[in-house]
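Visitor: I have a structure I would like to understand better, so I am pasting it below and will then ask my questions one at a time.
The values are calculated or read from the model by the stated rules, or taken from the named source; none is laboratory data. Note that the structure is predicted; figures quoted are calculated from it, not measured. Because the Cβ atoms are built from the backbone with ideal geometry, glycine has one as well, and the counts that use them run over all protein chains shown.
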Amino acid sequence: MNTVLQFISDSGFVGWCIMLVGIASLALIGERAYVLYFKFGMNVDEFWNKVQTLVLARKSDEALVVAAQLQAKPIPAAFKTILEKADRDDDAIFQAHDIAMAETVPQFTKRTHYLSMFANVATLMGLLGTIHGLILSFQAVATADPSTKQALLAQGIAVSMYTTALGLVVAIPAMVAYSFLISRQNHLVDELTEKCGKLTELLTGAHMPSLTRQNIYPDNVAKDAVAASVKAPPTNHKAS
């Protein structure tokens, strides 16, 4: 531990700044990993099969109760928003679908992009420390007393190397973690999009009228009825 602290101390102010970025990256990785893998994790297929069975059985109220019981998780919460409009017309259901997507997707995507930014900042700060160390080295060569020139030159080169190494030590794990988190995030968003789309299609399909002649050709049926009444021969009533 003392060696690590000495290493950071020798890298100077830029090195401590890089370590702060590293701590922020570590905290963000822990929070996002917990949320995406554990807090939001669930058996989506099992949940969907249960809701689908209830909706097909015309038990939308029971499906709503099932979704409400798990509304702490994003996908059931989105289902709840859509199922609350199950008894409305198709436009209202589609609008509920859009609202559910707009409310839920940001829960998967928020803050993850900052991890990529932290990795880039750590790399750039390592480059800044490299330049700072080279400046110290050149100053030692140009202006330092000959008796201390070698020590100052070595110190400047050490600062340059230390900060470069620290920047890479922070940036590389951050980028690897970012790749895994983005993959998990996209998987959850794809599941949300697929299941909400299927639910919306199921609910709107359930509102389709039965395919009778009256529903398919209402105007023609009316016209046929009028034409039949016109063509019907008049009834003759003879006095007895």
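Visitor: Specify the residue that is farthest from E201 (Cα to Cα); the eligible residues are those in region 72-119 that are among the acidic types (D, E) and either part of a helix (DSSP H, G or I) or touching a residue at least 60 places away in the same chain (Cβ under 8 Å) (or both).
Guide: Narrowing region 72-119 to residues among the acidic types (D, E): 84, 87, 89-91, 98, 103.
Restricting the remaining residues to those that are either part of a helix (DSSP H, G or I) or touching a residue at least 60 places away in the same chain (Cβ under 8 Å) (or both) gives 89-91, 98, 103.
Numbers: D89: 12, D90: 9, D91: 12, D98: 13, E103: 19 Å.
Among residues in region 72-119 that are among the acidic types (D, E) and either part of a helix (DSSP H, G or I) or touching a residue at least 60 places away in the same chain (Cβ under 8 Å) (or both), the one farthest from E201 (Cα to Cα) is E103.
Visitor: Looking at region 1-39 only, could you name the residues that are among the aliphatic types (A, V, I, L, M), assigned to a helix (DSSP H, G or I) and modelled with pLDDT under 90? It would help to see each step written out before you state the result.
Guide: So the first thing to find is which residues in region 1-39 are among the aliphatic types (A, V, I, L, M), and the list is 1, 4-5, 8, 14, 18-21, 23-24, 26-29, 33, 35-36.
Add one more test, that the residue is assigned to a helix (DSSP H, G or I), and what stays is 4-5, 8, 14, 18-21, 23-24, 26-29, 33, 35-36.
Those that are among the aliphatic types (A, V, I, L, M), assigned to a helix (DSSP H, G or I) and modelled with pLDDT under 90: V4, L5, I8, V14, I18, M19.
Visitor: Among the residues that make up region 10-18, is at least one of them free of Cβ contacts under 8 Å to residues at least 60 places away in the same chain, farther than 30 Å from G156 by Cβ and surrounded by fewer than 15 Cβ atoms within 10 Å (Cβ to Cβ)? Step through it out loud before you land on a result.
Guide: Kept after step one, since they are free of Cβ contacts under 8 Å to residues at least 60 places away in the same chain, are these residues of region 10-18: 13, 16.
Adding the requirement that they be farther than 30 Å from G156 by Cβ leaves none.
Among the residues of region 10-18, not one is free of Cβ contacts under 8 Å to residues at least 60 places away in the same chain, farther than 30 Å from G156 by Cβ and surrounded by fewer than 15 Cβ atoms within 10 Å (Cβ to Cβ), which makes the answer no.
Visitor: Pull up region 79-127, narrow it to residues that are touching a helix residue (DSSP H, G or I) at 6+ places or on another chain (Cβ under 6 Å) and small (G, A, S), then point me to the one that is farthest from M161 (Cα to Cα).
Guide: Across region 79-127, the extreme among qualifying residues is A86.
Visitor: While we're here: Are there any pairs with C-beta distances below 7 angstrom linking a residue in region 176-192 that is within 15 Å of V44 (Cβ to Cβ) to a residue that is of a type in the set (S, T, N, Q), with the two at least 6 apart or on different chains, and if so which?
Guide: These pairs meet every condition: Q185/T109; Q185/T112; L192/T104.
Visitor: Testing M42 on (1) surrounded by fewer than 18 Cβ atoms within 10 Å (Cβ to Cβ); (2) part of a helix (DSSP H, G or I), one condition comes back false. Which one is that?
Guide: All conditions are met except number (2).
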